[in-house]
1. For each of Trp25, Trp195, count neighbouring Cβ atoms within 10 Å of the residue's Cβ, then give the residues from fewest to most.
2. Rounded to the nearest 500, what is the 222 nm mean residue ellipticity of the chain from helices alone, with -39500 (n - 2.57) per DSSP H run of 4+ residues and division by all residues?
3. Between Ser26, Ser85, Ser222, find the one with the highest GNM mean-square fluctuation for the chain; connect C-alpha pairs within less than 10 Å.
4. Report the calculated FRET efficiency for Lys259 and Lys59 (r = Cβ-Cβ distance, R0 = 41 Å), to the nearest 0.05.
5. Working from the alpha-carbon coordinates of the range 50-135, get Rg over Rh, Rh being the Kirkwood radius.
6. Order of 35-44, 243-252 by packing, highest average Cβ count within 10 Å first?
7. Gain in length, Ile239 to Lys160, computed as 0.36 nm per residue apart minus the alpha-carbon separation, to one decimal in nm?
8. Please compute the length gained on full extension between Asn169 and Ser204, using 0.36 nm multiplied by the number of residues separating them and subtracting their Cα-Cα distance.
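Bear in mind that the values in this text are calculations on the coordinates, not laboratory data. It should be emphasised that the depicted structure is a prediction, and the values quoted were computed from it without experimental measurement. Glycine gets a Cβ as well: all are built from the backbone with ideal geometry, and neighbour counts include every protein chain shown.
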Amino acid sequence: MTKRNLVLMISQKLTSSSRSIIEQWSKPKGTKTRHAVIDNLLNPSICQEIYNAFPKDTKEYNHLKTFRERKNTSAYLPGQNKILSDLIYAFQDKKIVNLITNLVGFKKLFPDSSLYAGGLSLMNKGDFLNPHIDNSHDKDRINYRRLNILFYVSPDWKIKNGGNFELWNEEITKPKTIPSFFNRLIIMETNKKSWHSVSPVKFSAPRCCVSIYLYSKESPQSYEYFHVTSFDGRPNEKIKRTLSIVDNNLRNAFANLFKVWRGKSLSNKKTFKKNNY
């Protein structure tokens, strides 16, 4: 399996699913955040191979463990199995980026070669990600984050396993649950109101996900703005909700004052080949 093969398969699936993607995107249900779900993205045997290639030892990841979240992430590709890097290269390929951009009606989107906040994610039993909005920018605070692309590869994953992706209403009182099923791709808009989360994992097998972000030079609003990844508690977590308000304000103030924000140094150490975006 090569990057070229993966690009071909992904582009064929996106093209054949174009009507469904456009319909889902234009009329989101259960949330105002625009998104689309595409099942059976790849041949199941290839998706299984991708899962098998995922490092399962958490020592190979960056650990995030706070009241906001608990998960393991890695943007370091040189030491990974080739099929993992080929897959990420494929999602960053100009053909795929342009196809997704056109399907959702955006203009001039491009990937981030550093994989800031993207790459590989592994969550074990007890791990979670509280409701949050993503950092508004890339690691250099130049381009605006516009799309979040998530690909799930854990075999036989069931909704009862937990670790399900959630999109919230603006008041963060009611989630739309999208199970993290094997071979499922989710494309979602990320902006100042796109609250999303991952429910606590209840199963002993690892929940594995590949994530890619697409950016634009222009603000999605009619004005310039910046915010760090900002969290909230779930509806029944009153203490976390109060703590999150203080935490978000402090981290935003610190980022604006010192130009330092979380994860800025956690990026891929090998730059992707440049594409003419």
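1. By the 10 Å Cβ count, ascending, the order reads Trp25, Trp195.
2. -8500 deg cm²/dmol
3. With Cα springs under 10 Å in the chain, the top fluctuation among Ser26, Ser85, Ser222 is at Ser222.
4. Working: r = 31 Å, r/R0 = 0.75.
My answer for the efficiency is 0.85.
5. Result: Rg/Rh = 1.01.
6. In descending order of packing, they fall as 35-44, 243-252.
7. 25.8 nm
8. Fully extending the segment from Asn169 to Ser204 adds 9.6 nm.
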